[in-house]
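Before any comments, here is the structure.
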Amino acid sequence: MSFQSYLDNIEAKTGLTPRQFITLAEERGFGAGTKATPILQWLKDDYALGRGHGMALVHVITKGAQISAAHVGRGGPHGDASDELWLDGAASNPHSSPTPD
């Protein structure tokens with residue numbers, strides 16, 4: 001699963017975009033420099049998110065939307081379209097492919 005797919009799946013499960021999670025995390029005092037453990041516990045307790053999905057949010061909460069270009073442009077399920085993650089909701093992502101009719 002691509003990094004962006006993790007974020008899109010989190011949104012589908014919780015109804016919250018990654019940017020909304022960043023805002024909620026900031027309200028709790030989480031941000032750059034915060035260790036993963038307290039963020040993962042919060043996401044598990046309040047949103048029933050597992051470690052894989054939680055770590056995707058830990059990245060955007062602590063490091064922002066930029067990811068390594070290692071998987072960008074690669075085909076297949078693990079490739080991302082951009083090295084910049086889209087944080088404002090799957091429906092408005094300019095890099096997502098259109099849904100077939």
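Taken about its Cα centre, the chain carries a charge dipole of about 380 debye when Lys and Arg each add +1 at the Cβ and Asp and Glu each add -1 at the Cβ. Could you state the angle between the C-alpha long axis of helix 36-47 and the longest principal axis of the C-alpha atoms of the chain, as a value from 0 to 90 degrees rounded to the nearest 10? Taking Cα atoms only, the helix is inclined about 80 degrees. Each residue in TYR6, TYR47 was given a count of other beta-carbon atoms within 10 angstrom of its own, and listing them fewest first yields TYR47, TYR6. Pairs of Cα atoms nearer than 8 Å and 6+ residues apart set the relative contact order; for the chain it is 33 percent.
Hey, of (1) 6.5; (2) 8.6; (3) 7.8, which did the structure itself give for mean projected area of the Cα convex hull in nm² when calculated? Identified label for the calculated read-out: (1). Principal-axis analysis of the Cα atoms of the chain puts helix 3-14 at an angle of about 60° to the longest axis.
Counting neighbouring Cβ atoms within 10 Å and putting the fewest first, the residues ASP46, ASP83 line up as ASP46, ASP83. Relative to the longest principal axis of the chain, what angle (0 to 90°, nearest 10) does the C-alpha long axis of helix 51-63 take? With both axes taken from Cα atoms, the answer is about 80 degrees. Counted residue by residue at 0.36 nm each, then reduced by the alpha carbon distance between them, the extension gain from LYS35 to GLN66 reaches 9.3 nm.
No lab work stands behind these numbers, since they all come straight from the coordinates. Predicted, not measured: the structure shown is a model, and the values here were computed from it. Note: ideal-geometry Cβ built from the backbone for every residue, glycine included; neighbour counts use all protein chains shown.
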